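Reading through the structure tokens given below for one structure.
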């Protein structure tokens with residue numbers, strides 16, 4: 001019983017972590033055209049709760065991508081400097097979309113684990129019921 | 001005839017100490033009580049989480065996890081109860 005419920009809580013932490021990752025990704029995509037925006041990146045790390053036992057996952061602190069933002073030529077832009085350029089964001093949509101797809105796949109994997117844990121517990125009780 | 005019934009009575013008296021409850025050993029009652037308390041705590045937790053998620057305070061993942069855990073707990077309790085009732089009925093059906 002305890003193993004099953006540990007597995008369920010670890011899987012739920014994975015689901016939560018992936019959905020928060022997706023939240024930061026959508027923030028990046030939404031701000032792709034914001035001048036001066038730097039894309040946010042998050043890492044994963046193992047979390048230990050108060051009881052210590054199950055190795056859950058959680059997001060580490062949000063970091064800003066240090067890469068240089070794009071210089072966009074648009075003399076009509078209100079933020080344009082004398083040369084006609086302004087600082088855009090350093091979001092690369094291809095990277096964000098690939099990352100979003102990876103988050104989706106990981107989420108699905110966690111969902112499958114959740115389902116499998118439940119099925120295993122169910123089969124165990126079915127055995128008792130005969 | 002008389003002697004054999006006397007022997008049965010003596011055997012019965014001799015067997016009695018073996019079936020007496022052992023006072024210094026914790027019985028199943030304590031364990032069952034703990035289990036029931038655990039079960040009630042699981043139910044209460046999922047109810048609180050369900051309420052919190054209705055008002056948008058709790059994470060839906062936590063709600064799903066709590067509900068799945070409650071489902072497991074209820075199923076375990078129901079299965080054990082069915083087994084116990086079945087055993088009890090089996091004893092009742094015993095020809096005396």
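Summary of values
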item: Matching residues, the stretch A:75-97, being surrounded by 12 or more Cβ atoms within 10 Å (Cβ to Cβ) and not in a loop (DSSP other than H, G, I, E, B); result: A:85, A:86, A:87, A:95, A:96, A:97
item: Within the stretch A:11-31, considering residues that are within 11 Å of residue A:91 (Cβ to Cβ) and either in a helix (DSSP H, G or I) or at the interface with chain B (Cβ under 8 Å from one of its Cβ atoms) (or both), the one nearest to the chain's Cα centre (by Cα); result: A:25
item: Any chance residue B:87 is more than 9 Å from every other protein chain (Cβ to nearest Cβ) and modelled with pLDDT under 90; result: no
item: Conditions (1) without any contact (Cβ under 8 Å) to a residue 24 or more places away in the chain; (2) under 19 Å from residue B:59 (Cα atoms); (3) touching a strand residue (DSSP E or B) at 6+ places or on another chain (Cβ under 8 Å): number failed by residue A:46; result: (2)
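Yes/no per residue for (1) more than 11 Å from chain A (Cβ to nearest Cβ); (2) more than 30 Å from residue A:17 (Cβ to Cβ); (3) surrounded by 10 or more Cβ atoms within 10 Å (Cβ to Cβ):
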| site | (1), (2), (3) |
| --- | --- |
| B:20 | yes, yes, no |
| B:36 | yes, yes, yes |
| B:69 | no, no, yes |
| B:75 | no, no, yes |
| B:79 | no, yes, yes |
| B:83 | no, yes, yes |
| B:91 | yes, yes, no |
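The values are calculated or read from the model by the stated rules, or taken from the named source; none is laboratory data. These figures come from a predicted structure and were not determined experimentally. Backbone-built Cβ (ideal geometry, glycine too); neighbour counts: all protein chains shown.
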